[in-house]
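Input: a single structure, listed below in structure tokens.
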Amino acid sequence: MKAPKRFWKEVTVGQTEGGFDIQLDGRPIKTPAKNVFVAPTRALAEAVAEEWHSQEGAMNPAAMPLTRYVNSTIDGITPRREEIVGMVAAYGESDLLCYRAEHPERLIARQAERWDPLLDWVRERYDAPLILASGVMPVTQPAPSVARLRKAVASHDDFALASLHDLVAISGSLVLGLAVSEGRLEASEALSLSRLDDDWQSEEWGVDEDAAAVAAIKAGEYAAAARLLELYRKN
């Protein structure tokens, strides 16, 4: 199926119930599920409008990540909120930062140096200590910690949850996602921490071009998720 071509001349932001809509030649757009498209803040709406304004010829959905986020929040997050909270919170039961290398010693030391401060933070911030494991064998995290981390996830409203979902899923770490959401880490720093093992492998064996290409795509997606959060929380 060919992508539709641009048919509008003017893109504007209008104020509506619950926030701001995007109007193409004066007509408000809707989500794929035909719900009203409403961005909760003007900053987010204006950024979405710029995505639509920048389209030329055939539409390129890949160049419209914020539009996709608003659509997916309205059509997917809101009606399935409890399910999404559970999916995100589940990462706390097998968080990337808890699984440590068994060797070599330099990698073990690097993981401890860079990951331990975040586990200390999550313990202090949420009263949620997590248990470390060596290798790939699973470890059962304390039930009170899991419950408190789920509560932290549930405290995010729908748009913040949409961002957190991708921050966690892309990095494999609920701890890192919460750290970005709370302002404890910049998104670029969190993504770098999530790639510690991959970067180690590249240092030891050289860069795999295919893996690097995938990593670049994930970096773009991670940055988009963080930008959604920034624009959503911007007055």
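The values are calculated or read from the model by the stated rules, or taken from the named source; none is laboratory data. All figures in this text were calculated on a predicted structure; none of them were measured in a lab. A quick note on method: Cβ atoms are made from the backbone with ideal geometry, for glycine too, and the neighbour counts reach across all protein chains shown.
The table that follows gives values for the structure above.
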| item | result |
| --- | --- |
| Flag if residue 106 is outside any loop (DSSP other than H, G, I, E, B), surrounded by fewer than 19 Cβ atoms within 10 Å (Cβ to Cβ) and not assigned by TED's automatic domain parsing to the domain that holds residue 196 | no |
| Inter-residue pairs, beta-carbon under 9 Å, first in the same structural domain as residue 88 (by TED's automatic domain parsing) and in the stretch 138-159, second among the polar types (S, T, N, Q) and in a loop (DSSP other than H, G, I, E, B), 6+ apart | 149/141; 159/41 |
| Residue check, residue 55 crowded, with 16+ Cβ neighbours inside 10 Å, in a loop (DSSP other than H, G, I, E, B) and free of Cβ contacts under 8 Å to residues at least 60 places away in the same chain | yes |
| Residue that is farthest from residue 30 (Cα to Cα) [pool: residues in the stretch 51-78 that are at pLDDT 95 or above and of a type in the set (Asp, Glu)] | 51 |
| Total residues in the stretch 60-118, condition of a type in the set (A, V, I, L, M), touching a residue at least 40 places away in the same chain (Cβ under 8 Å) and over 21 Å from residue 228 (Cα atoms) | 5 |
| 2 or more residues at pLDDT 95 or above, among the small types (Gly, Ala, Ser) and more than 14 Å from the chain's Cα centre (by Cα): qualifying helices (runs of 4 or more DSSP H) within the stretch 142-235 | 143-154 |
| Subset of the stretch 92-103 [exposed (fewer than 13 other Cβ atoms within 10 Å of the Cβ) and hydroxyl-bearing (Ser, Thr, Tyr)] | none |
| Flag if residue 114 is under 19 Å from residue 128 (Cα atoms), among the basic types (Lys, Arg) and surrounded by fewer than 19 Cβ atoms within 10 Å (Cβ to Cβ) | yes |
| Within the stretch 16-45, considering residues that are free of Cβ contacts under 8 Å to residues at least 12 places away in the same chain and not in a loop (DSSP other than H, G, I, E, B), the one nearest to residue 227 (Cα to Cα) | 30 |
| Some residue of the stretch 113-134 being assigned to a loop (DSSP other than H, G, I, E, B), in contact with a strand residue (DSSP E or B) (Cβ under 9 Å, 6 or more places away or on another chain) and at pLDDT 95 or above | yes |
| Unique residue being small (Gly, Ala, Ser) and surrounded by fewer than 16 Cβ atoms within 10 Å (Cβ to Cβ) when the list is 194, 155, 171 | 155 |
| Candidates 222, 232, 126 - the one that is surrounded by 13 or more Cβ atoms within 10 Å (Cβ to Cβ), in contact with a Leu (Cβ under 7 Å, 6 or more places away or on another chain), of a type outside the set (Gly, Ala, Ser) and closer than 21 Å to residue 99 by Cα | 126 |
